[in-house]
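Only one structure is covered here, and it is reproduced in the block below.
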Amino acid sequence: MGDEEQTTNNKVKIVDANNQQSGKKRKKQKEVAIFGNYRNYYTYRIDQGLEEDPRIKIMKKEWFEGKTCLDIGCNSGLITITIAKNFGCQKILGVDIDSARIEDAHWNLRKIVKMSEIKKQHSGDSLSHLFDIVSFKKDNFVQSWSTPGEKYDTILCLSVTKWVHLNWGDEGLITLFSKVWRLLQPGGVFILEPQPWTSYVSNRQVSEVAATNYKKLEIFPEKFQEILLDKIGFREIENLSASLSGSKTGFNRPVLALWK
């Protein structure tokens, strides 16, 4: 083998090695989701071995059965679909800012119904009625959501407040809370899971907008309950988290139920 050929082979090997290393680096890169719209959010949120999100266990059937419901920031729709399946909503709408997550939600609904059709051969149970109950919509709840005359009995907002706060500041957060209040029926329930301040610190550099807003925030998560009761107008609050278990480390967050 000549020197020139040997040199060429060495270059090829170096390029291949660099490509393999860069490939490994790409695999290790953390997913960036400036609105919290992670593609596989539920897979790393929930402990392995659990069949469903542990937050479902602290929900009460009376909040959903025969009720019209809204899930703000529904991501891939798994919570939305599970609530409809377990608690018998009349209607439930999942809304998310990311069209890709809404597409995932539609696929998850199809998959869950299809699996129930397969199992129906043995159990006689079918979930095809979910197509009439569950729907999904791509929208920005804070900035562009407008549904004149629309009212809901139950509204969920789980692990969303931080992303609203970082992207639209204190005013965005107040807009979120105020819209929820207006959309709720009298006596309706708002189920809220706010992220703690430590989670803000971890995500403050997710975008330039987030970094700028982070420095200006004056409303901190520990003030949310006071604002919701004294400023927004909710009349009663209950912390549901005492019985919550099964979440991975870092996701042991308070889940609050507030009544209009």
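A few remarks follow.
- Paramagnetic reach from Ala211 in region 169-199 [backbone N under 20 Å; point 7 Å along Cα→Cβ]: 169-170, 198-199
- q = 0.15, 0.21, 0.23, 0.25 Å⁻¹: log10 I(q)/I(0) that the Debye formula gives for region 65-111, counting C-alpha atoms only: -0.33, -0.63, -0.74, -0.84
- Extension gain, Lys114-Val201: 0.36 nm per intervening residue step, less the Cα-Cα distance, totals 27.2 nm.
- The label point for Glu52 and the one for Asp132, both projected 7 Å from the Cα toward the Cβ, are 2.1 nm apart.
- Distance violations [Cα-Cα > 26 Å] among Lys60/Lys260; Lys57/Lys119; Lys85/Lys223; Lys57/Lys111: Lys85/Lys223
- Rg/Rg_ref, region 47-259, where Rg_ref = 2.2 N^0.38 Å and atoms are Cα: 1.03
Since every read-out is calculated from the coordinates, none of them should be taken as a lab result. Since we're looking at a predicted model, the values are computed, not measured. Heads up, the Cβs are rebuilt from the backbone with ideal geometry, glycines too, and the neighbour counts pull from every protein chain shown.
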